[in-house]
């Protein structure tokens with residue numbers, strides 16, 4: 001069968017499935033709309049979280065980025081998985097116990113202040129919109145590539161589909177659709193990887209295959225390091241970023257992951273507290289399947305590419321080369337006129353330009369896999385893009401209808417009206433996101449990293465201290481969030497968009513890139529929150545005692561606990577948390 | 001329902017689990033995968049330099065195990081706390 005026929009078949013089948021599920025599980029109440037009625041099984045919730053989490057960027061771009069940066073790409077692998085450990089151990093169970101719908105809900109109630117809630121709504125909207133702008137573009141790119149329409153038409157189709165099932169189904173519809181989407185995307189990612197691993201090393205498990213030797217008995221990684229040295233690139237297994245920068249970026253991505261509202265809200269959808277822990281475990285397991293395969297795909301693709309094109313005669317290159325050349329994602333300029341492809345690190349001599357995104361998409365073709373595998377990739381990429389966009393839309397709509405309208409503006413709104421408001425704001429959000437997809441703000445790639453930095457700088461400290469520190473008061477939390485998010489915004493806009501005088505990588509503070517700066521802004525958030533708390537009224541003796549008891553255990557621990565400890569000492573000079581709130585915190589700590 | 005241990009003990013135990021597991025979390029990723037990566041790379045496991053393997057594979061496997069260990073420990077603690085004998 002023709003490739004395009006296969007593509008239509010797979011996309012048609014998978015979409016009928018998603019829409020069928022959305023219709024069958026549509027939401028009837030606000031509870032179902034926001035948190036799927038709170039009755040999702042942990043394994044299903046884990047799959048949905050994984051699909052929600054893995055966007056077109058994880059599916060298409062990540063392996064490509066690793067392919068070109070080698071060891072440096074580890075920041076994404078560790079950063080985007082390690083955050084789930086923080087979530088499962090520090091946040092998810094307590095947030096579930098608190099029994100609210102959204103993150104601003106928690107922050108507003110825990111810090112007994114609608115100002116805190118408003119700040120949280122603002123941060124949630126900022127984080128979600130920066131994230132979704134990139135996603136809608138991704139949806140458009142994938143649709144346009146596989147349905148052979150232009151990118152804008154692709155965005156419109158994507159908007160229509162997301163609108164249909166996010167608005168109708170709410171969290172309930174989205175959750176069950178995402179379960180199906182996870183199955184499609186993981187299958188689509190694994191099949192080509194297994195094929196290629198087997199073809200190049202004889203191992204069917206890619207995770208083992210990329211550390212194995214090829215048919216000549218040479219280890220793939222050694223061969224790749226050798227080729228990289230020869231062509232003037234940094235060695236694949238060592239990377240080129242400074243250790244400090246790698247450390248900071250990994251930390252920012254981890255903490256950002258644990259602070260992203262569309263991830264956190266997932267743990268409100270399960271029945272019991274223990275299910276929240278379980279969900280995080282399953283989610284990470286399902287994510288890890290893709291994330292441990294990606295570095296293997298990166299190595300296979302990189303080797304295949306170099307071996308197929310480097311020092312080869314342009315006229316004799318295989319057919320896929322010219323096909324991808326037409327898309328503009330692959331380009332050859334014969335600078336020295338010898339008809340041979342020179343692919344080297346030196347920009348003056350290099351004759352080959354490659355867009356990182358094609359490494360995953362073209363990989364099956366480079367390895368000459370059958371057409372149905374390529375079509376499967378298409379369905380998988382679409383599943384990845386759509387599931388993430390839908391999850392984000394829900395966070396935006398609940399921030400508006402629940403946190404802003406019901407929580408702050410009109411607390412008396414009825415459940416029916418709130419549900420209508422939720423659907424309306426989801427619609428508005430889709431249209432806005434589509435607008436950004438069609439008119440990308442010019443810095444889409446940068447904004448994804450920005451979203452993580454913003455989440456790390458704003459939510460994570462506020463939620464963590466809300467659970468683990470009885471002393472943290474509203475003044476501290478609000479100033480902390482505001483300082484963290486402003487600092488992050490300042491640094492990102494300065495070095496990414498050239499505002500505030502701009503600057504180059506030579507001007508980075510302590511040599512830390514904007515991607516890694518979320519870690520610094522997070523520390524600023526913690527510090528400022530604790531200092532502000534110092535200049536506020538005193539705490540009741542009973543609370544101080546409770547805090548002191550915990551102190552001994554806490555001293556021995558790492559960075560967080562250093563700050564916490566500081567807080568406890570400082571806390572003696574600070575204003576009291578209302579008794580009702582203290583009771584509430586104690587309540588959520590109980591088993 | 002009788003409680004064998006009180007809420008404070010429960011919370012302290014919980015914190016101890018969290019601290020131990022997070023130390024492991026920190027060691028495999030920031031320790032083996034980043035700070036010590038260059039040193040560990042001199043050790044070769046199959047075709048993998050060890051530091052590189054931790055950064056791209058090992059750390060992720062450990063993360064998954066850590067969460068499931070925590071689930072197990074907390075379920076045990078919950079049972080202990082709320083056992084009905």
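We did not get these values from a lab; they are worked out from the coordinates using the rules stated. Note that this is a predicted model, so its numbers are computed, not measured. Counting neighbours? That spans all protein chains shown, and the Cβs are built from the backbone with ideal geometry, glycine included.
Return A:512, B:43 ranked ascending by Cβ neighbour count within 10 Å, so the fewest neighbours appear first.
Exposure proxy ranking, most exposed first: B:43, A:512.
Suppose each label sits 7 Å from its Cα in the direction of the beta carbon; what would the residue A:156-residue A:114 distance come out to in nanometres?
Taking the two extended label points, one gets 4.2 nm.
Over all distinct Cα pairs, what is the inverse of the mean 1/r for chain B, reported as the Kirkwood hydrodynamic radius in Å?
14.7 Å
Between residue B:7 and residue A:355, what is the spin-label point distance in nm, taking each point 7 Å from the Cα along the Cα→C-beta axis?
In this crude label model, residue B:7 to residue A:355 measures out at 5.7 nm.
Any idea what the relative contact order of chain A is, in percent, if you count C-alpha pairs under 8 Å spaced at least 6 apart?
About 25 percent, as a whole number.
In degrees, nearest 10, range 0 to 90: what is the angle between the Cα axis of helix A:541-555 and the longest Cα principal axis of chain A?
That works out to roughly 30 degrees.
So how far apart, in nm, are the two label points at residue B:39 and residue A:204 if each is 7 Å from Cα heading toward Cβ?
For residue B:39 paired with residue A:204, the spin-label model returns 4.1 nm.
Could you work out the Kirkwood radius for the range A:219-285, taking every pair of different alpha carbons, averaging 1/r and inverting it, reported in Å?
For the range A:219-285, inverting the mean 1/r across all distinct Cα pairs yields 15.4 Å.
Hey, what D do you get for chain A in µm²/s if you plug the Kirkwood alpha-carbon radius into Stokes-Einstein at 25 °C and 0.890 mPa s?
Translational diffusion coefficient: 98 µm²/s.
Treating the angle as unsigned and between 0 and 90°, give the value, to the nearest 10°, between the Cα long axis of helix B:7-26 and the longest Cα principal axis of chain B.
For helix B:7-26, the angle is close to 10 degrees.
Kirkwood Rh, Cα Rg: Rg to Rh for the range A:403-518?
1.07
Where does the range B:15-58 land on Rg(C-alpha)/(2.2 N^0.38 Å)?
1.27
Could you work out, residue by residue across A:237-250, how many beta carbons of other chains sit within 10 Å of that residue's beta carbon, and then give the average as an integer?
Counting Cβ atoms of other protein chains within 10 Å of each residue's Cβ and averaging gives 3.
Is the range A:316-371 rounded, prolate or oblate when judged by the Cα gyration tensor, a ≥ b ≥ c being the square roots of its eigenvalues, rounded requiring a/c under 1.5 and prolate requiring a/b larger than b/c?
Here the range A:316-371 falls in the prolate category.
Calculate for chain B the 222 nm mean residue ellipticity that helices alone would give, adding -39,500 (n - 2.57) per DSSP H run of length 4 or more and normalising by residue count, nearest 500 deg cm²/dmol.
-19500 deg cm²/dmol
Determine, for each peptide in A:8-21, A:160-173, A:79-92, the mean count of other beta carbons within 10 angstrom over its residues, then list the peptides with the highest first.
Per-residue mean Cβ counts within 10 Å order the peptides as A:79-92, A:160-173, A:8-21.
How fast does the range A:244-370 diffuse by Stokes-Einstein, in µm²/s, taking the Kirkwood radius from C-alpha pairs at 37 °C and 0.692 mPa s?
Estimated via Stokes-Einstein, D reaches 180 µm²/s.
Stretched out fully, how many nm does the piece from residue A:431 to residue A:16 gain, at 0.36 nm a residue minus the Cα gap?
Result for the pair: 147.1 nm of gain on full extension.
Take the alpha-carbon positions of the range A:138-257, form their convex hull, and give its projected area averaged over all directions (one quarter of the hull surface) in nm².
11.7 nm²
Pairing the Cα long axis of helix A:3-24 with the longest principal axis of chain A, what angle in degrees results, from 0 to 90 and rounded to the nearest 10?
Value to nearest ten degrees: 20.
Would you calculate a helix-derived [θ] at 222 nm for chain A, using -39,500 (n - 2.57) for each DSSP H run of n ≥ 4 and dividing by the full residue count, to the nearest 500?
Rounded to the nearest 500, it is -23000 deg cm²/dmol.
Take the alpha carbon atoms of the range B:1-60, find their center, do the same for the range A:42-102, and report the distance between the two centers in whole angstrom.
17 Å
Please work out the C-alpha center-to-center distance from the range A:250-283 to the range A:186-240 and express it in whole Å.
32 Å
For residue A:345 and residue A:214, what does the FRET efficiency come to when R0 = 35 Å and r is the distance between their Cβ atoms, rounded to the nearest 0.05?
Here the calculated transfer efficiency is 0.90.
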